[in-house]
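Trainee: Structure below; questions to follow.
The values are calculated or read from the model by the stated rules, or taken from the named source; none is laboratory data. Please read these numbers as outputs of a predicted model, since none were measured by experiment. Glycine also receives a Cβ, built like all others from the backbone with ideal geometry; neighbour counts cover every protein chain displayed.
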């Protein structure tokens, strides 16, 4: 018997489909929420590889529908989340499932349901709660041609950061129009939010911290200026109290401003991790993360049953500062090796492989020995460490990890006269002007190549843009043999020399540029004492 022959009002098969999304790492994945209502004993099944939070959503949906004055269908309900081979996690499907059931049962008419993204968690009274990762999920939806979205009211301004999308902000299920002809007029349509600072390049200044607060240490300031201009990894080595931590914390004040794409990438990471507090604009300042030395490998790289971004992903496009580097567990430090090389973290699980971005500057500080005074002994504070202790202390940092640190900078003790007679100190403003000039040179040089900083050079591009003059070539050859440098260290020295040349406004890599770059390999040159 064909369906058309059934009496009016008696339909034994009702079907609806709406679009939603979930997070996979920090990226969004589109999910089709299919709802089927059929005759039979009342029962609800959610299929499509849902986790426990998704399975529990039906209880929230049932209560929300009932408490909003709608009727929850007393039929056999099947909800399919497609594609079925992707694990579905979180509570962002609540609103899509509820609207799908109401549409399939004829209580609501949805406008263009297959081209509208629906996100939101439901309370038992039908109010719509915010969910993390809206920015990533809407960016993915836009890439797939979806130009309309319904999101929780608290996520509306975050969602409106994605341009050319119509955003409907829903505070309660009852606010949804009962008729498709009413459109989205009752849902407080938001125009794409234009951030006031989006047109120009924001600056890390002003800040309470300034390099002028640090007395002397011109060599270390110069090294950090090179670090900021080319986005190079750095290690500050010196006795206690010389200003290593102060210098590192002030690096953020001279970093070049983020581009629009960098700002969007950083904001997506913080949105996916639930740390995007100000949802009204993109994150404009480069992140600065300073984890404690007791952090675990999962806390640093990311992980968990449902993997979340770790500290190195939260430092994406910014700075990860590890103070007192040898105090970190060696197993934790070794986690850094792959991200420093590949610029991302890969975490494997039984059902999926997650990939988190991790393009950051690593800045570390450490003492030369356990007591801190090797190489800076005085009559009042001699070094009390044996050669064996010093070797064990430094061996906590593996050779492969050190090879990935471009600048190894000595931060010596400052004597009394340098403090008492200190005049005007080199300030963040002066340093940032030089950094910005070098940054502009790099933007012009690498335009269209897909890279932005000298630290990203590799392969053919490295050989093309880092050609040495004959005198510089001979200097590097001798240093390579004398210091026993690896090929990786060789490449990194070339990148540092390229940044130094950019700071000097030179198109050629001269011997002075290379000589200065070689000065920033202090651990390669520093020998252990043979006797106490």
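Trainee: When only residues in the stretch 292-313 that are in a loop (DSSP other than H, G, I, E, B) and surrounded by 20 or more Cβ atoms within 10 Å (Cβ to Cβ) count, which is modelled with the highest pLDDT?
Mentor: First pass over the stretch 292-313, keeping only residues in a loop (DSSP other than H, G, I, E, B): 292-296, 304-307, 310.
So of that shortlist, the ones also surrounded by 20 or more Cβ atoms within 10 Å (Cβ to Cβ) come out as 307, 310.
Values: 307: 85, 310: 93.
Ranking the candidates gives 310 first.
Trainee: Taking the condition of being under 22 Å from residue 169 (Cα atoms) and either at pLDDT below 90 or in contact with a strand residue (DSSP E or B) (Cβ under 9 Å, 6 or more places away or on another chain) (or both), how many residues in the stretch 261-270 meet it? Walk me through how you get there before you give the answer.
Mentor: Going through the stretch 261-270, the residues under 22 Å from residue 169 (Cα atoms) turn out to be 264, 267-268, 270.
Within this subset, residues satisfying the condition of being either at pLDDT below 90 or in contact with a strand residue (DSSP E or B) (Cβ under 9 Å, 6 or more places away or on another chain) (or both) are 268, 270.
The qualifying residues number 2.
Trainee: Which one of these does residue 242 not meet: (1) within 25 Å of residue 326 (Cα to Cα); (2) at pLDDT below 90; (3) touching a helix residue (DSSP H, G or I) at 6+ places or on another chain (Cβ under 6 Å)?
Mentor: Every condition holds for residue 242 apart from (3).
Trainee: I want to confirm something. Restricting to the stretch 450-460 and keeping residues that are outside any helix (DSSP H, G or I) and modelled with pLDDT of 85 or more, which single residue is surrounded by the fewest Cβ atoms within 10 Å (Cβ to Cβ)? Spell out the reasoning first.
Mentor: Let us first name the residues in the stretch 450-460 that are outside any helix (DSSP H, G or I), namely 450-453, 457-458.
Restricting the remaining residues to those that are modelled with pLDDT of 85 or more gives 451-453, 457-458.
Working: 451: 15, 452: 19, 453: 21, 457: 23, 458: 12.
Ranking the qualifying residues of the stretch 450-460, first place goes to 458.
For every residue, the table says whether it meets (1) in the same structural domain as residue 18 (by TED's automatic domain parsing); (2) closer than 16 Å to residue 58 by Cα; (3) surrounded by fewer than 22 Cβ atoms within 10 Å (Cβ to Cβ).
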position: 70; (1), (2), (3): yes, yes, yes
position: 81; (1), (2), (3): yes, yes, no
position: 86; (1), (2), (3): yes, no, yes
position: 89; (1), (2), (3): yes, yes, yes
position: 93; (1), (2), (3): yes, yes, no
position: 100; (1), (2), (3): yes, yes, no
position: 110; (1), (2), (3): yes, no, yes
position: 120; (1), (2), (3): yes, yes, no
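Trainee: Then there is this: Output the number of residues of the stretch 349-359 satisfying the condition of being without any contact (Cβ under 8 Å) to a residue 60 or more places away in the chain and in contact with a strand residue (DSSP E or B) (Cβ under 8 Å, 6 or more places away or on another chain).
Mentor: 3
Trainee: Can you name every residue in the stretch 244-260 that is buried (at least 23 other Cβ atoms within 10 Å of the Cβ) and in contact with a strand residue (DSSP E or B) (Cβ under 9 Å, 6 or more places away or on another chain)?
Mentor: 244, 247, 248, 251, 255
Trainee: Go through (1) crowded, with 22+ Cβ neighbours inside 10 Å; (2) at pLDDT 90 or above; (3) touching a helix residue (DSSP H, G or I) at 6+ places or on another chain (Cβ under 9 Å) and name the single condition residue 161 misses.
Mentor: Exception for residue 161: condition (2).
Trainee: With the stretch 218-275 as the region, which helices (runs of 4 or more DSSP H) entirely inside it contain at least 1 residues that are under 16 Å from the mean Cα position of the chain (by Cα)? Full working, then the answer.
Mentor: Working: elements: 218-230, 244-249, 260-272.
Result: 260-272.
Results for (1) buried (at least 19 other Cβ atoms within 10 Å of the Cβ); (2) within 27 Å of residue 317 (Cβ to Cβ); (3) modelled with pLDDT of 90 or more, shown as yes or no for each residue.
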| position | (1), (2), (3) |
| --- | --- |
| 462 | no, yes, no |
| 470 | no, no, no |
| 478 | no, no, no |
| 484 | no, no, no |
| 502 | yes, yes, yes |
| 508 | no, no, no |
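Trainee: Do we have residue 281 as part of a helix (DSSP H, G or I) and in contact (Cβ under 8 Å) with a residue 24 or more places away in the chain here?
Mentor: The answer is no for residue 281.
Trainee: Moving on. Quick check on residue 364: is it closer than 30 Å to residue 258 by Cα, in contact (Cβ under 8 Å) with a residue 24 or more places away in the chain and in contact with a helix residue (DSSP H, G or I) (Cβ under 8 Å, 6 or more places away or on another chain)? Don't jump to the end; show me each part of the working.
Mentor: Working: closer than 30 Å to residue 258 by Cα: yes; in contact (Cβ under 8 Å) with a residue 24 or more places away in the chain: yes; in contact with a helix residue (DSSP H, G or I) (Cβ under 8 Å, 6 or more places away or on another chain): yes.
It is true that residue 364 is closer than 30 Å to residue 258 by Cα, in contact (Cβ under 8 Å) with a residue 24 or more places away in the chain and in contact with a helix residue (DSSP H, G or I) (Cβ under 8 Å, 6 or more places away or on another chain).
Trainee: Let me ask you something else. Scan the stretch 131-151 for residues that are in contact with a strand residue (DSSP E or B) (Cβ under 7 Å, 6 or more places away or on another chain) and either touching a residue at least 60 places away in the same chain (Cβ under 8 Å) or closer than 20 Å to residue 275 by Cβ (or both) and jot them down. Talk me through it step by step, then tell me what you get.
Mentor: As a first pass, look at the stretch 131-151 and keep what is in contact with a strand residue (DSSP E or B) (Cβ under 7 Å, 6 or more places away or on another chain): 131, 133-134, 136-141, 144, 146-151.
Passing the criteria: 131, 133, 134, 136, 137, 138, 139, 140, 141, 144, 146, 151.
Trainee: Please go through the stretch 462-506 and give me each residue that is assigned to a helix (DSSP H, G or I) and over 37 Å from the mean Cα position of the chain (by Cα), ordered by number. Give the derivation first.
Mentor: Going residue by residue through the stretch 462-506, those that are assigned to a helix (DSSP H, G or I) are 462-465, 470-483, 487-503.
Within the stretch 462-506, 470, 471, 472, 473, 474, 475, 477, 478, 481, 482 meet the criteria.
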